[in-house]
Amino acid sequence: NVSADVLVMVDACKSELGIMAQIPVLLQRSMTTPAITLSHRPVLLLPESMLSTMSRAQIELGIRHELTHYKRRDHLMRLLLMLVRGVYWFNPFVWIANRMILADMETACDARVTARLERKKRDLYIHTIIDLGSDRYAGCALGMGTAQGKKNIERRIRGMFMKKKSKRSAKVAALLLVPAMLVMCFTTAC
């Protein structure tokens, strides 16, 4: 059962992020990283081991990270990626693009979480990512440990400090390409 203290942290993070939806919280024994399930109505999964081994501040940062994924609707994007990967399972470029998109989601989420943190908390967040990044669980959830490996963890940490934003013209081009790619993908499937 989830303690009242943890539920208070979840509610505080939801309030800070402007999330009004009810998001159920479940404790999991088999996981070592917090995660949001990939569904229309996601559930926040918190590992029991994290609650017993990490500080309150680290737990709060993990919760904030997952709720930021929810706010960005990354769970819905991940469902779309799974659909595309299922249709084009034979195409290696789809698998490579999927991996790159997931890494970018984590980096963008990290940057958003750390944007409002003071230096000391940002350092704690980095150490939390390093601690959780060694986990290999990445099943049906979008979690802090999704992008594992030294290289991906380093990329996530560097991404937190990048100030460069995409140019407006690049965003417009991407938005125009999406419908064209969808039409091509779904009219040429086997």
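Taking the Cα centre of the range 33-110 as reference, the dipole from Cβ charges on Lys and Arg (+1) and Asp and Glu (-1) amounts to some 240 debye. Hey, if you put +1 on the Cβ of every Lys and Arg and -1 on every Asp and Glu Cβ in the range 43-135, which of ILE63, VAL87, ALA108 ends up farthest toward the positive end of that dipole? Working it through, the farthest residue towards the positive pole turns out to be ALA108.
Note that the range 21-26 has calculated 3J(HN,Hα) couplings of 5, 7, 10, x, 10, 10 Hz, one per residue in order, obtained from phi through the Karplus relation 6.51 cos²θ - 1.76 cosθ + 1.60 (θ = phi - 60°); glycine and proline are x.
Estimated from helices alone, the mean residue ellipticity of the chain at 222 nm is -20500 deg cm²/dmol (sum of -39500 (n - 2.57) over DSSP H runs with n ≥ 4, per residue). Summary of the geometry: the range 70-123 and the range 2-41, compared by the centres of their Cα atoms, lie 19 Å apart.
What net charge is computed for the residues neighbouring LEU27, neighbours being all others with C-beta under 15 Å from the C-beta of LEU27, Lys and Arg scored +1, Asp and Glu -1? Residues close to LEU27 contribute a combined charge of -2. Only Lys, Arg, Asp and Glu carry charge here, each on its Cβ (+1 for the first two, -1 for the last two); on that basis the chain has a dipole of about 880 debye about its Cα centre.
Applying 0.36 nm per residue to the separation of LEU27 and SER169 and subtracting their alpha-carbon distance, the gain on full extension is 46.8 nm. Protein heavy-atom accessible surface, 1.4 Å probe, per residue over the range 1-102: 53 Å². State, to one decimal in nm, how far the label point of ARG73 lies from the label point of HIS127, with both points 7 Å from Cα in the Cβ direction. Taking the simple label geometry, ARG73 and HIS127 are separated by 3.7 nm. Across q = 0.12, 0.15, 0.16 Å⁻¹, the chain modelled as identical point scatterers on its alpha-carbon atoms has Debye log10 I(q)/I(0) values of -0.62, -0.94, -1.05, in the order of the q list. For the residues PRO92, PRO34, PRO179, a GNM of the chain with alpha-carbon springs under 10 Å puts the largest fluctuation on PRO179. Heavy-atom accessible area for PHE186, with the other protein chains in place and a 1.4 Å probe, reaches approximately 100 Å². Heavy-atom accessible area with a 1.4 Å probe sorts LYS121, LYS71, LYS171, LYS150, largest first, into LYS150, LYS171, LYS71, LYS121.
Within the shell of other residues whose beta carbon sits under 14 angstrom from the beta carbon of ASN1, the net charge comes to -1, with Lys and Arg scored +1 and Asp and Glu -1. Largest first, the residues ARG64, ARG72, ARG116 sort by 1.4 Å accessible area into ARG116, ARG72, ARG64. Remark: for residue pairs LYS120/LYS150; LYS14/LYS120; LYS14/LYS171; LYS121/LYS150, the C-alpha separation exceeds 26 Å in LYS14/LYS171. For the range 1-138, the carbon plus sulfur part of the accessible surface works out to 59%, probe radius 1.4 Å.
When ARG122, ARG155 are compared by accessible surface with a 1.4 Å probe, the order from highest to lowest is ARG155, ARG122. Counting Lys and Arg as +1 and Asp and Glu as -1 over every other residue whose Cβ lies under 14 Å from the Cβ of PRO92, the net charge comes to +2.
Considering the chain as a Gaussian network with a 10 Å cut-off on Cα pairs, which listed residue, VAL178, VAL113, VAL43, attains the greatest mean-square fluctuation? Of VAL178, VAL113, VAL43, the Gaussian network model singles out VAL178 as fluctuating most.
The values are calculated or read from the model by the stated rules, or taken from the named source; none is laboratory data. Since the model is a prediction, treat every value here as computed from it, not as a measurement. Note that we place each Cβ from the backbone using ideal geometry, even for glycine, and neighbour counts take in every protein chain shown. Ligands, DNA and RNA are excluded from the accessible area calculation, which covers all protein heavy atoms including side chains. Shrake-Rupley method; radii C 1.70, N 1.55, O 1.52, S 1.80 Å.
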